[in-house]
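The values are calculated or read from the model by the stated rules, or taken from the named source; none is laboratory data. Bear in mind the structure is a predicted one, so any value in this text is a computation, not a measurement. Ideal geometry is used to build each Cβ from the backbone, glycine not excepted, and the neighbour counts take in all protein chains shown.
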Amino acid sequence: MIVCVAVVGHQNNPLYLQSFTGSDDALKLHHIVHCSLDVIDERVNNPKRSASTLNETFLGLLYPTENYKVYGYLTNTKVKLIMVTTDLDVKDADVRSFFRKFHAAYVDAVCNPFHVPGKKITSNSFSERVGTIVRSFGPSMTL
Amino acid sequence: MANYLAQFQSIKTSCDRGVVVSVEDVSDLWPSMKEGFEARVPLKEASLNNRTRNPVRVVNLAAQFILTTDARLRSRFPQDNQFQYLFWFREPYATVLLVSCDDLDDFKTILRPRLKLILQNDDDREWFIVFVSRADPANDPASKMAKKVYARLELDFNTKKRERCCKYDFHAPHPSFWDDFDSKLAECIRNTLDRRVQFYEDEIRKLTEQRFLPIWNFCNFFILKESLAFMFEMANLHEDSLREYDELELCYSETAGTPGKHRDFGGIDHGDDRAALLNPSFKQLTLIVQDDTFREFEFRQYIFACQAKLLFKLGRPLEVAARGHSFVISFSKVLAMHENALPFCFREVWVITACLALLKSTMSHYNGGVMPPDIEREFYRLQGDLYSLCRVKFMRLAYLIGYGHEIEKSPVNSAALSMLPWPKPAIWPALSPDSSAEVLAKEKMILQSKPREKHFNIQRKPLPLEPSLLLREANRRRAFLSVGNISELLESHANDGSGSDVNSRLASKNPSYMSRTFSGPTMSDTRDRPMTLSEVHVAAEYALKLTVSNPDILNSLSSLEEFEKKYMELTKGAADNYHKSWWKRHGVILDGEIAALHFKKGEIDQAAKSYEKVCALYSGEGWHELLADILPNLAECQKILNDEAGYLSSCIRLLSLDSGLFLTKERQLFQAELVRLAHGDMKHPVPLDVSSLITFYGTAGPALELCDGDPGVLQVTVWSGFPDEIVLENLNLTLSASFGADEGVKPIKSAEKHVLKPGKNVITLDLPPQKPGSYVLGALTGQIGHLQFRSHGFSKAGPADSDDFMSYEKPTRPVLKVLSPRPLVDITCAVSSALLMNELQWIGLIIKPLDYSLKGGILHIDAGPGLKIEESHLIEIEGYEPAEGFEKVPIEGGKVALPDWVSDVTTVLWFPVCAIDESMARGTSSALPQKPSIVDGMRMIALKLEFGTFRNQIFERTIAVTFTDPFHVTTRITDKSTDGTLLLQVMLQSQVKATLNIHDAWLDLQDGFEHMSKTDKRPTLSTFPLVISPSSKAGILFTVRLYSNGEEASQQDSILNLKYGITGNRTIGAHTPILAKVEGSGEIVFKITLALQRPVLDPCVAVGFLPFSSDCLRVGQLVNVKWRIERLKNPEADVSSSCRDEVLYEVDANPQNWMVAGRKKGHVSLSKEQGSRIEITVTCVPLVSGYVHPPQLGLPEVGEQNISCNPAGPHLVCVLPPTLSSSYCIPA
């Protein structure tokens, strides 16, 4: 199951972070998302090593740990979409389609004329939409 | 075949000296050749073929020479020939036939048959012959014979395709022999290797085809594969060897995954918890055989160890680390699947040891390695990953045995631990029977440990370090206990996510429960009831001791100090390595963990440094939630260290975080701390940037516009992020010019105290005059106690968004525009023509404000010399448009205060002045008409208008007003009768633009004249009143005659008296004088002197100009100018000095045209006789060519009227240019 999705701005500042664990431990997810920026930085700044994926927005698996996986997606405005899942058996294609939907939701959210670019996304409809996307992702699993 | 495993292993271990080359010592030459042969190995260079049959250059190929008679070779032939190929790698790769023969016959009869015999046995063997010639080179026949024999040998054994012989001269070895030897040896090895590889591959293919048949046996496959791999390894073809192992691993994981058969996993032997992933000889393979395959636990490690060995040989520690990391993770998953069959926490212990082993070996192989920076960073990243993986598992173990409360509940630890499932043993370890003392000790330890309180009394639910409550998990896993038990029930409402806290909470809530827990004797019934937390810890510790065989790990877990030491080591290792990699964030965040440990140990200084780094990282990227977690720690360190500046800055940063991150109470506490410190006994003022906390912006709407030099009042909205009101002792605001270089704009100061409410405050600041330009808000500075704060934070509108401070956006909207200097008012004179001299006249000033209020303005009027302001009169102010108003105001000391109504309208201000001219007006003769100079009547008035809000604007102007007499009078004698009666015409020309009415006129004559009618001084014809229109003339005639009474002259000049009135408009010019108007008659008397001259006398002296001596004058040529002076008549006795016997003369010449060479001025004697004459000669030099006035002779003492010019001198004379002179020319 997806435990967290996040949008990180091009200056690596958090724009949106939603935890789906249900418990009050979002801080650790902040940490995970923040640390995963290291990997994104590394991939983006080392085009030599990731030449094949350079032109792709989907960054793939950032972080294979024993217990959770972090996937990343980089928009062309250098906004990072990050997803943390505890589901260790995820298909890349699923994640790709998830990010496509997530990206579309993000684009719609920032198209809102009342949204200040570079500021946190506070839109409720965006949260709801993200929630729907997350719930529809893959077979739902329990923790 | 599988039975050969043991043999295979032992052979493999014995084959550690490289490829075998057998030596067939035919002619007993080995003892003498051995040394030379062995000096050639390892072969420096050989070209071998790799698996894909591509040539590969191999260096330092190890090889050993063994005589065919040697027992090592003899004993090898296995009994069963069928499986000989299994050990082929150890068979000789080449055979060297060492022969010698001195005689051709011997060769034919003995050596050749023998060699044929040796070689006929096996065709597969690769061989070559070394012919040793023992002939002395001095012994010619012998060496010739040796050559013959060798030639024969070559003939017999060489083929067209291949030369198999080489010759070694014992006494004088040919230098190329050894190269030849090497290449032949390498060729043999290559051929053998190729053949064997081919063979092995064929076999492997055959076996692979049977893979899905029941007879498939992995061990056989393994032996074949490993033999091939080993052969490659012996031939230094490590790359190929590695590939074989990779394929083997793949094949194993494919076959191991086949369902159906239950196989032992392994890992239950003592010492298995120590990962052997880098030690291929950890266990005999024979011990791990199970049916037709190997036990997974050992075999996977074995394969990895073999791969790692080869990778190290290939010099790729990075790859070992990378493969190792993923191997550890994947193997950990495998271990998790078999966890219920493994000892308690076996998986964690294995991961720890595996990581440590990988770290140790990769680092030792890396040392001194030179890598490109990218690779290096990657390597360190992997090291960091290994360290942190190890660290996580280590923390998990520590938590299980009760050190959980010592682990910082930070996001990083929580992220690692709370998502990591608990170990899942089949049965949770139970308490050992005699552990009551340990349980008590543990109990005590837990009770004594206080959860670290956050500074500022911040109450937060600590982050979990466990996936679920340990107590519940442990009891649930004890199969014979039901889920619902007393502790669970209590937990359900004491569940705050922190396992270690549960017990203490229980203790406080339920004393009866506590007594039961702590009483020793009840320990006996632990098996029947749920365990308490300390029991869980003790049981886990006991079980762990059974699992762990590594003394280091045991030691690290034995006490809190040891745990902290190891924890520090691992954290530091991870952080240091991450710092060297791309993953800076990981490194910095782990620094935070190190800081927590330092803090606990009381090393506050180091802790503060590390915390600062972490805070900088989080705040730099705006991760406020994380910052809010760590910043209080930093503040606490700074407080302990007495770092006031740092502490204040931390308080400010805490306050500037999202207000939702802290409770209002906490934020109030931050502010209280700040205020306490700021007003406390700080020695030095502390400068602090509060840009994120206090922001400011100009008021909405257009910018304040000020005229140059005007002060103003600026309104600024200051947004305060403080939760309470805060008192600012003073407040300064700098404005910066939005264009051009900023030359130090002075801050606007406001010394008064300001109290900022939370949120929006409007502050008014007095603005001193600024230079012209447009200004934006610069910085806001001020003081709170000793705290000098400074804010650059601009917010566009409304409360600042909390992440504003990430990017300082300079606002572009100006708040103030100071206009360039422009005229704000214009004052001009309302009177266009001359006024009356010596009369009280109104002067009008048109005061025209130019879009600027003159409110409160004061006009200074300073009359210049010859002009007097009549202050006794009121000043009149009237609107330019008459409807706009009229007012009379007093003037005092030259100052007029302008009334309010004039501030915005154009007005005319009238004030009375009197121009004074002491001298009496003088008429002129028509013979010499002389216009009165305007300058004489010009008077200046200096005006200074002070206006503006603070009378800061000054307008200064000097205006000129002309005054004049009403008339200009000229006289003329129109007729002269013989009896001396003269008709004197007096012409009056009006000088003013007003109508003049002459009511009366009379002439007081000077001596020497008298009126015809002695009593009437009035004109001959009385036509009064005479009206003279502006600028027109009128004439009056007087009849006078010459008269001489011989008395002393009493009156030199005649005086004309005119009584007149004036009708004029003051807006145009001259008008009725004020006093005259007051008196009512409106008549003024104007007096003017007239100089009447007696009729002109005959001249007494004649001056004549004599012609020049030469025709033409030239520049630079001397010329004599001559005048003749002649006395025309005898001077009369009473005539003045003009007729003495000497005459004063003066030559007047333009010095630019003439140079006078003689005396310019002097006396010459002239006899008093009538007709006497003299000549005056003056030498002059003309200076310029052209027509010039000649010098003139004047006689200053003789009046001009007495001089007759006869003959008259020329007006102009022609002066020619100088003749050309060559004296200045320089010959070429």
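Tabulated results
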item: Contacts under 6 angstrom Cβ, first residue in the stretch B:870-888 being free of Cβ contacts under 8 Å to residues at least 60 places away in the same chain, partner in a helix (DSSP H, G or I), 6 or more apart; result: B:Gly885/B:Trp901
item: Some residue of the stretch B:21-43 being touching a residue at least 12 places away in the same chain (Cβ under 8 Å), of a type in the set (Val, Ile, Thr), in a strand (DSSP E or B) and buried (at least 18 other Cβ atoms within 10 Å of the Cβ); result: yes
item: Residues (within 14 Å of B:Trp583 (Cα to Cα) and of a type in the set (Gly, Ala, Ser)) located in the stretch A:20-44; result: A:Ser36
item: Residues satisfying the stated conditions in the stretch B:839-878, i.e. assigned to a loop (DSSP other than H, G, I, E, B), within 15 Å of B:Pro1073 (Cβ to Cβ) and at pLDDT 85 or above; result: B:Glu839
item: Helices (runs of 4 or more DSSP H) fully within the stretch B:533-620 counting 3 or more residues that are within 14 Å of chain A (Cβ to nearest Cβ); result: B:560-579, B:584-601
item: From B:Glu453, B:Glu443, B:Glu438, B:Glu466, residue being under 41 Å from the mean Cα position of the chain (by Cα) and among the charged types (D, E, K, R); result: B:Glu453
item: Which numbered condition B:Gln991 misses (of (1) in contact (Cβ under 8 Å) with a residue 12 or more places away in the chain; (2) farther than 23 Å from B:Ser1022 by Cα); result: (2)
item: Segments classed as strands (runs of 3 or more DSSP E), wholly inside the stretch B:669-754, with at least 1 members that are β-branched (Val, Ile, Thr) and in contact with a strand residue (DSSP E or B) (Cβ under 6 Å, 6 or more places away or on another chain); result: B:686-689, B:694-698, B:712-720, B:726-728, B:730-737, B:748-750
item: Near pairs, Cβ below 9 angstrom, 6+ apart or cross-chain, from the stretch B:703-723 (on the phi > 0 side of the Ramachandran plot) to any residue that is outside any loop (DSSP other than H, G, I, E, B); result: B:Gly709/B:Val818; B:Gly709/B:Gln953; B:Gly709/B:Ile954
item: Residue among A:Leu74, A:Leu59, A:Leu37, A:Leu27 that alone is surrounded by 13 or more Cβ atoms within 10 Å (Cβ to Cβ), more than 14 Å from the chain's Cα centre (by Cα) and not small (Gly, Ala, Ser); result: A:Leu27
item: Residue under evaluation B:Ser925, criteria (1) within 16 Å of B:Val1085 (Cα to Cα); (2) out of contact with any Gly (no Cβ under 8 Å at 6 or more places or on another chain); (3) in contact (Cβ under 8 Å) with a residue 60 or more places away in the chain, criterion not met; result: (1)
item: Residue list for the stretch B:52-73, restricted to those being within 19 Å of B:Arg40 (Cβ to Cβ) and surrounded by 15 or more Cβ atoms within 10 Å (Cβ to Cβ); result: B:Val58, B:Leu61, B:Ala63, B:Gln64, B:Phe65, B:Ile66, B:Leu67, B:Thr68
item: Output for the stretch B:46-67, where each listed residue is in a strand (DSSP E or B) and under 19 Å from B:Pro92 (Cα atoms); result: B:Ala46, B:Ser47, B:Leu48, B:Asn49, B:Val58, B:Asn60, B:Leu61, B:Ala63, B:Gln64, B:Phe65, B:Ile66, B:Leu67
item: Of all residues in the stretch B:1150-1173 being farther than 30 Å from B:Leu1216 by Cα and among the aliphatic types (A, V, I, L, M), the one that is surrounded by the fewest Cβ atoms within 10 Å (Cβ to Cβ); result: B:Val1164
item: Cβ-Cβ under 7 Å pairs, at least 6 apart or on other chains, the stretch B:542-568 side over 16 Å from B:Cys390 (Cα atoms), far side among the basic types (Lys, Arg) and surrounded by 17 or more Cβ atoms within 10 Å (Cβ to Cβ); result: B:Ser549/B:Arg274
item: Considering residues of the stretch B:308-361 that are aliphatic (A, V, I, L, M) and part of a loop (DSSP other than H, G, I, E, B) only, the residue farthest from the other protein chains (Cβ to nearest Cβ); result: B:Leu314
item: Residues of the stretch B:708-739 satisfying the condition of being surrounded by fewer than 20 Cβ atoms within 10 Å (Cβ to Cβ) and more than 17 Å from B:Glu752 (Cα to Cα); result: B:Asp708, B:Gly709, B:Pro711, B:Gly712, B:Asp724, B:Ser736, B:Ser738, B:Phe739
item: First in the stretch A:118-130 and touching a residue at least 40 places away in the same chain (Cβ under 8 Å) and of a type in the set (Phe, Trp, Tyr), second anywhere and crowded, with 18+ Cβ neighbours inside 10 Å and outside any loop (DSSP other than H, G, I, E, B), Cβ under 8 Å, 6 or more apart; result: A:Phe126/A:Tyr16; A:Phe126/A:Ala105; A:Phe126/A:Tyr106; A:Phe126/A:Ala109
item: Within the stretch B:447-474, considering residues that are part of a loop (DSSP other than H, G, I, E, B) and of a type in the set (Lys, Arg), the one nearest to the other protein chains (Cβ to nearest Cβ); result: B:Lys461
item: Filter result (among the polar types (S, T, N, Q) and either more than 18 Å from A:Tyr68 (Cα to Cα) or within 7 Å of chain B (Cβ to nearest Cβ) (or both)) within the stretch A:1-22; result: A:Gln11, A:Asn12, A:Asn13
item: Count of the stretch B:17-73 residues which are farther than 30 Å from B:Arg112 by Cα and among the charged types (D, E, K, R); result: 6
item: Flag for B:Tyr403 being more than 14 Å from every other protein chain (Cβ to nearest Cβ), modelled with pLDDT of 90 or more and within 21 Å of B:Ser549 (Cα to Cα); result: no
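Condition check ((1) touching a residue at least 60 places away in the same chain (Cβ under 8 Å); (2) buried (at least 22 other Cβ atoms within 10 Å of the Cβ)) across all residues:
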position: B:Leu389; (1), (2): yes, yes
position: B:Leu397; (1), (2): yes, yes
position: B:Glu406; (1), (2): yes, no
position: B:Met419; (1), (2): no, yes
